[in-house]
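Notes follow the structure.
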Amino acid sequence: MPENNHEMDRVIFGDNQFFGVNHMSEEKARAQAIRFQDIAAVTNVLDTAYQIGIRTFMCTTHERMAQVCDYFRANMEKYPDYQFYPCMPYAHKYANAVTEQGMIGALKQFLPTDGKISALFKGGKAVAQADVQSIAHLLIDAEMKTFEGLSTPVIFVQNVITDLLLGLGVADAFKIFDEYIRERYNAEPGYITMNLPLLLETLNSCGIENPIICSNINKAAFRMCGGQASYEKLIESGRFRPIAMSVFASGAIPASDAINYVCEQKGIESVVFGASSRGHIQETYDLILRHSQGAEMELAAP
Amino acid sequence: MTIRIGLAGLGKMGLSHLAIVNAHPELEVAAVCDGLSYLTNNLKKFTPFNCYNDYQDMLANEQLDAVLIATPSKAHATMANQAIQAGLHVFCEKPFVLDINEGQKIITQAATNDLVTQVGYHNRFVGAFQKAQQLVAEGALGTVYHFRAEAYGPVVIRPQSATWRSKKSEGGGVVYDYACHALDLVNFVLGPVEDVSGVIRNNIFSKDVDDEVYCSLTLKNNLQGQLAANWSDESQRKMTTKLTIWGTTGQINVDRQECALYLRNESTASLPKGWSIYNTTELTDEVWYYLRGEEYSAQIDEFVERINTQNKKTTTACDFATALETDRACAMINGLETDPAADGKVDQVAVRQSFTQRLRGLLGAKHA
């Protein structure tokens, strides 16, 4: 297995605010959905974050990402070092399709309809006979098509899928993902989870060492399944490369306390957060740098 | 003591339950079952689960303590009945049954055999809804005089659909899929439904089932309110269920994220005048394993707890008898339990036809 060598930025920008995801309030979620229904509103915020110093965008493979990617492809000169960390899939897309069309129907909807492979997938029976690994590869390719020509040094599995596979105990699925992301995309595989201790144990059990894992890490212990103490111990152990998300626990912790807690956990490589206003982005960015120590501070500078 | 459980149905909810059950320290997945051999073959390949394609084979060949049923709704009654006859505790996905009489027989048998039953109404395990239930029970709203229960989401947003959810005979449609969640919350927070009236049901994109439903509800405690459910609402990112409750001393607006309480006057030091906001994030207890929401794990944990404490009653879990109250309300809304000539149902048919014609005119001939 190749070594982990991609150096992650200290500060990473997240995307929940753009797609109407808010863990605190449906009303706020809708207000955000309205504000960002024009894709220019999204790219303006990404531009603001870039000016401030954040050049990594960790984003779900939501269908609207296609337009964001178009913008960055068209403005490569303006953002020469911009990088995306795609997180796949956008689970609701699949969940709604399964509800509407059933398992096989949904699979057919998301598999490519062109190319030599298409003949395989003409009928439901053919899909049913295809092996899981080929289907997984095709689905990953379908999700990654949006990012063609852009830098994607780390590619994540979304938490709903990570945690589903984890609960089912399908460790081989992680290996399929890990190997394909390295080979086909020359990128680092990453895992988003709400169950860090269990995931790390499972990844290790199938030979995946020192993985990039993005999980909730916050002072309030919000959605840190397996317990905050166990998270802290694992971070300290250096057995994985942690990215902290939900550091404000959806606003439950005051900003300074929240960042202070995260920066006290010495093994954390990166912090991902989402915000919509220049003031809030700047404030959070500054807080993270101020509370961070040593060389890590320099990583976030563009 | 480890509880040996078998799972039937490996659709979206079934797989999610399987992951949760498999991760629970006190449950052992003894076997899983699904009619689709593509699923069971792949599970066999990637997991150690003992797989069956036939439910009765699973019951006959495995030493089980409990089953979890997550098959299409039509199969619930037969499967739950067979499990209860076999002396197993049963967790069943919602809705419990489509035929009220069958449901009643199963409940009687389960009581005779002293078995734990539960239906997957997971909103009862969402912190915000529990807070609303607690505030109403404590009398924070004074005398409750009206409520509105709503459920919206983007399930059927175009004219084609190919699953059991699009077939009325199999329990598809917005009433059993969406409205039942809102009805169960009404039951949880305010009380069971006695009667329904003024039902408006329409198909928007579906051919055989309703996509939206509205009606007035009268509860057994005489409280009246309204129900609205629409699963063709694309403006929602995912299913949104909410409850608004008006009382003489205040109001509650609650959804899965937050419970907002408005009080006309200060009640106690912890219940001040004006708005108090309680977020699910603050109200939620940690679970041993998280997938899609704490509530899905918490309901399984309570099922285990109820088995371990020999059917201890809880305020949260929805047992078969409670779920049957919601099924009865669904049946009334679908016009299955009431005289078709009564309470405006005849007019309703005309309203529905006229709406469908109007919509087809708007959408053009291709959808007709």
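The values are calculated or read from the model by the stated rules, or taken from the named source; none is laboratory data. Quick caveat: nothing in here was measured; it's all calculated off a predicted structure. Virtual Cβ from ideal backbone geometry, glycine too; neighbours counted across all protein chains shown. Note: areas computed on protein heavy atoms with side chains; ligands, DNA, RNA excluded. Shrake-Rupley method; radii C 1.70, N 1.55, O 1.52, S 1.80 Å.
What the table shows:
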quantity: Degrees, to the nearest 10: A:26-35 long Cα axis against longest axis of chain A; calculated: 80 degrees
quantity: DSSP-defined antiparallel bridges as percent of all bridges, chain B, nearest 5; calculated: 60 percent
quantity: GNM flexibility winner over chain A from A:PHE110, A:PHE18, A:PHE84 (Cα, springs under 10 Å); calculated: A:PHE110
quantity: Per residue Cα convex hull volume in Å³ - calculated over the stretch A:11-292; calculated: 136 Å³
quantity: Debye intensity ratio in log₁₀ form over the Cα atoms of the stretch B:110-231, taken at each q of 0.15, 0.18, 0.20, 0.23 Å⁻¹; calculated: -0.78, -1.01, -1.13, -1.27
quantity: Solvent-accessible area buried by pairing B with A, both sides, nearest 100 square angstrom, 1.4 angstrom probe; calculated: 3700 Å²
quantity: Net +/- balance of residues flanking A:ARG223 in space, Cβ distance below 12 Å, scoring K and R +1, D and E -1; calculated: -3
quantity: Folded to 0 to 90 degrees: helix A:171-185 orientation relative to chain A principal axis, Cα; calculated: 80 degrees
quantity: Enclosed volume per residue, in Å³, of the convex hull spanned by Cα atoms of the stretch B:3-121; calculated: 94 Å³
quantity: Environment charge of B:ILE5, counting only residues whose C-beta is closer than 11 Å and scoring Lys/Arg +1, Asp/Glu -1; calculated: -3
quantity: Burial of 30 Å² or greater, the stretch B:254-287 residues [accessible area, probe 1.4 Å, versus chain by itself]; calculated: B:GLN257, B:GLU258, B:ASN279, B:THR281, B:GLU286
quantity: P(r) of the stretch A:198-302 over all Cα-Cα pairs, binned every 10 Å from zero, in whole percent; calculated: 14, 48, 30, 8, 0
quantity: Sparse-neighbour loop sites [trypsin sites (Lys or Arg not before Pro); the stretch B:264-324; at most 15 other C-beta within 10 Å; DSSP]; calculated: B:ARG264, B:LYS273, B:LYS312, B:LYS313
quantity: Kirkwood-based shape ratio for the protein assembly as shown, expressed as Rg/Rh from alpha carbons; calculated: 0.96
quantity: Lysine pairs within the stretch B:3-121, Cα separation less than 26 Å, 8 or more sequence positions apart or different chains; calculated: 7
quantity: Accessible surface, 1.4 Å probe, highest first, among residues B:TRP275, B:TRP246, B:TRP231; calculated: B:TRP275, B:TRP246, B:TRP231
quantity: Percent RCO, i.e. relative contact order, over chain B, from Cα pairs under 8 Å lying at least 6 residues apart; calculated: 18 percent
quantity: At least 10 Å² accessible surface lost relative to isolated chain, residues of the stretch B:291-340 (1.4 Å probe); calculated: B:LEU291, B:ARG292, B:GLU294
quantity: Buried on assembly, the stretch B:42-60 (at least 40 Å² less accessible surface than by itself, 1.4 Å probe); calculated: B:PHE46
